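The values are calculated or read from the model by the stated rules, or taken from the named source; none is laboratory data. Computed from a predicted model, the values in this text were never measured in an experiment. We place every Cβ from the backbone using ideal geometry, glycine too, and count neighbours over all the protein chains shown. Heads up: the accessible areas ignore ligands, DNA and RNA and are worked out on the full protein's heavy atoms, side chains in. Shrake-Rupley method; radii C 1.70, N 1.55, O 1.52, S 1.80 Å.
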Amino acid sequence: MPHWFWEISLSIDTLVRLSLAIRIVMRRRPVGTSLAWLTIVFFLPLAGALVYLTFGELRLGRRRAVWATQVRRPVERWLAGLRTRKDVAWSAQGAECEPLAKLTEASLGVPALPGNQLQLLAETDQVFRALISDIDAAQRSCQMVFYIWHPGGHTDEVAAALLRAAARGVTCRVLVDAVGSRPFLRSPLAAELRARGVHVVAALPSGLLRAAFVRFDLRMHRKIVVIDGQIGYTGSLNMVDPRYFKQQAGVGQWVDAMVRVSGPAVEGLLGAFLVDWVLESGETVDRLAPSADFHRQPESGPAVVQVAPSGPLDTSDAILRSLLMAIYSARRELILTTPYFVPDESLVAALMSAAQRGVEVTLIVPGKVDSRLVRLASQAFKGDLMAAGVRVAMFHGGLLHTKSITVDGEFSLFGSLNLDPRSLHLNFEITLVVYDRSFTADLRGLQLAYLANCELMDLQQWQSRSRWQRFTENAARLAGPLL
């Protein structure tokens, strides 16, 4: 190649790197994330720029942006109606509950509503029995959104129940993530559901052509079911039967939990579903208007519940702020379960400060996970936590997939949110903030049952691992903000 060719190439490469560096700095993202991207852009010629342009910015596509603009006004009207009903007797709750509810409402828009009945479903068979029974009793609608739909076992029984419901005139809508449920969307079962009246839509479709305009790793990670606008389900369970799901991964069966909800909180679950459905299906915005399935639900129990839908459109990291406030509010006990633990600096600091001020902090994670990079990155954080007094418990009864937090036995967080950058910043998630001692006691009991099947990590043993292992884990930790 002539000399001038290399000079021009070097000039273009330098210009691209500097332009992207300026763009990264001006985005004002967390310092660790920005530094990680700057390192990639400067140390990987051309490839670094391509990686950043593919994964570094939130691009949801022009069509979704247009639909989001059209949906915003009816959503704001709906939220304004909810705010007229947030008559909560906070004096009967823990002192930390009202400030957390105010922060979450200010960040995510949905208020805490009283009058809900919650049933914690800790066994997969129990979840499927209740769900199929509710579908078989449905009179108007069955609405579902899941990250993964995997055929086999109980999942096929749910599909059969949907077909029975559609046959008797019930409107059935199924929204599944285009990547997480790709095999299902191409399966004969999905074709049969569509042919027999069940509306099946892929959320956030991906492909080589779309990758230039839409970031393909932004995923629909929510798990929501709403029956007749009156009964709701959410939690960590995908539409999978653990006996048939990822049996070759070497992590054991996945362990999940769900909650069955009745009362005003169901309106929040339905609202989150309908917004997703309109944005992904292209149906008209009038789906959000009051209808036979979208009306004020009567109070059915004592629990105060706040529905917190989060996603990459929340540029203020709203769910992370609520999570941090919940941790900082702990005075006596904090128990967390998560399958994927790759925290940022603020989350690590919150957990360490809780332990150092005398809170009994217990982090329960799976002994084995289905991602080697996540496992390595997670390991790098555990020593600092243990040194600060956090108990780190490794669950050995399968891949513990339940995402839960209980604080002082006073309130709890439960849903689809993992404690990793993907869930906190990139995925569309759903979380229930439950200001109810009875439900929190049930959830804490489930956490303690998990803990009984755990082995506590030993700090001295952890510190004795080889230098190579330490280097590998610390290197993976650097990628934490990008995972």
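Entry remark, region 128-158: residues being within 18 Å of Asp228 (Cα to Cα) and either free of Cβ contacts under 8 Å to residues at least 12 places away in the same chain or touching a Phe, Trp or Tyr at 6+ places or on another chain (Cβ under 9 Å) (or both) number 9 in total. Could you tell me whether any residue of region 397-413 is modelled with pLDDT under 95, outside any strand (DSSP E or B), of a type outside the set (Phe, Trp, Tyr) and surrounded by fewer than 19 Cβ atoms within 10 Å (Cβ to Cβ)? Yes, the conditions are met somewhere in region 397-413. Listed conditions (1) assigned to a helix (DSSP H, G or I); (2) in contact (Cβ under 8 Å) with a residue 12 or more places away in the chain are all met by Val365, apart from (1). Here Arg64 clears all of (1) at pLDDT below 70; (2) surrounded by 14 or more Cβ atoms within 10 Å (Cβ to Cβ); (3) assigned to a loop (DSSP other than H, G, I, E, B) except the condition numbered (3).
Across region 73-103, the number of residues qualifying as buried (at least 19 other Cβ atoms within 10 Å of the Cβ) and free of Cβ contacts under 8 Å to residues at least 60 places away in the same chain comes to 0. When the residues of region 104-121 are filtered to those that are under 21 Å from Ala441 (Cβ atoms) and within 21 Å of the chain's Cα centre (by Cα), which remaining residue is most open to solvent (accessible area, probe 1.4 Å)? If we take residues in region 104-121 being under 21 Å from Ala441 (Cβ atoms) and within 21 Å of the chain's Cα centre (by Cα), then Gln119 is most open to solvent (accessible area, probe 1.4 Å).
Quick grid of which residues meet (1) small (Gly, Ala, Ser); (2) touching a helix residue (DSSP H, G or I) at 6+ places or on another chain (Cβ under 8 Å); (3) assigned to a helix (DSSP H, G or I):
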| position | (1), (2), (3) |
| --- | --- |
| Leu103 | no, yes, yes |
| Ala106 | yes, no, yes |
| Gly115 | yes, no, no |
| Ser133 | yes, no, yes |
| Cys142 | no, yes, no |
| Gly152 | yes, no, no |
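Please count how many residues of region 154-174 are part of a strand (DSSP E or B) and touching a Lys or Arg at 6+ places or on another chain (Cβ under 9 Å).
The number of residues fulfilling the criteria is 1.
Close Cβ contacts (under 9 Å, 6 or more residues apart or on different chains) running from residues in region 231-251 that are under 26 Å from Leu413 (Cβ atoms) and of a type in the set (Ser, Thr, Tyr) to residues that are open to solvent by 40 Å² or more (accessible area, probe 1.4 Å) and at pLDDT 95 or above comprise Tyr233/Arg260.
Scanning for something open to solvent by less than 20 Å² (accessible area, probe 1.4 Å), modelled with pLDDT of 95 or more and among the polar types (S, T, N, Q), does region 147-162 turn up at least one residue? Taking every residue of region 147-162 in turn, at least one turns out to be open to solvent by less than 20 Å² (accessible area, probe 1.4 Å), modelled with pLDDT of 95 or more and among the polar types (S, T, N, Q).
Here's the yes/no breakdown for (1) in a loop (DSSP other than H, G, I, E, B); (2) touching a Gly at 6+ places or on another chain (Cβ under 7 Å); (3) closer than 28 Å to Val176 by Cα:
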position	(1), (2), (3)
Pro343	yes, no, yes
Ala350	no, no, no
Ala355	no, yes, no
Asp370	yes, no, yes
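All of Asp317, Asp344, Asp370 fail the test of being closer than 30 Å to Gln247 by Cβ, among the acidic types (Asp, Glu) and touching a residue at least 60 places away in the same chain (Cβ under 8 Å), apart from Asp370. Looking across region 408-440 at every residue that is within 17 Å of Val259 (Cβ to Cβ) and aliphatic (A, V, I, L, M), the one that is nearest to the chain's Cα centre (by Cα) is identified as Leu417. Mind listing whichever residues of region 324-348 are at pLDDT 95 or above and either of a type in the set (Gly, Ala, Ser) or closer than 21 Å to Leu451 by Cβ (or both)? Selection gives Ala326, Ile327, Ser329, Ala330, Arg331, Arg332, Glu333, Leu334, Ile335, Leu336, Thr337, Thr338. Across region 314-341, the qualifying residues are those that are over 14 Å from the mean Cα position of the chain (by Cα) and assigned to a loop (DSSP other than H, G, I, E, B), and the one among them that is surrounded by the most Cβ atoms within 10 Å (Cβ to Cβ) is Ala330. Among the residues of region 229-267, those identified as over 20 Å from Pro151 (Cβ atoms), open to solvent by less than 10 Å² (accessible area, probe 1.4 Å), not in a helix (DSSP H, G or I) and not β-branched (Val, Ile, Thr) are Gly229, Gly232, Gly235, Ala257, Gly263, Pro264.
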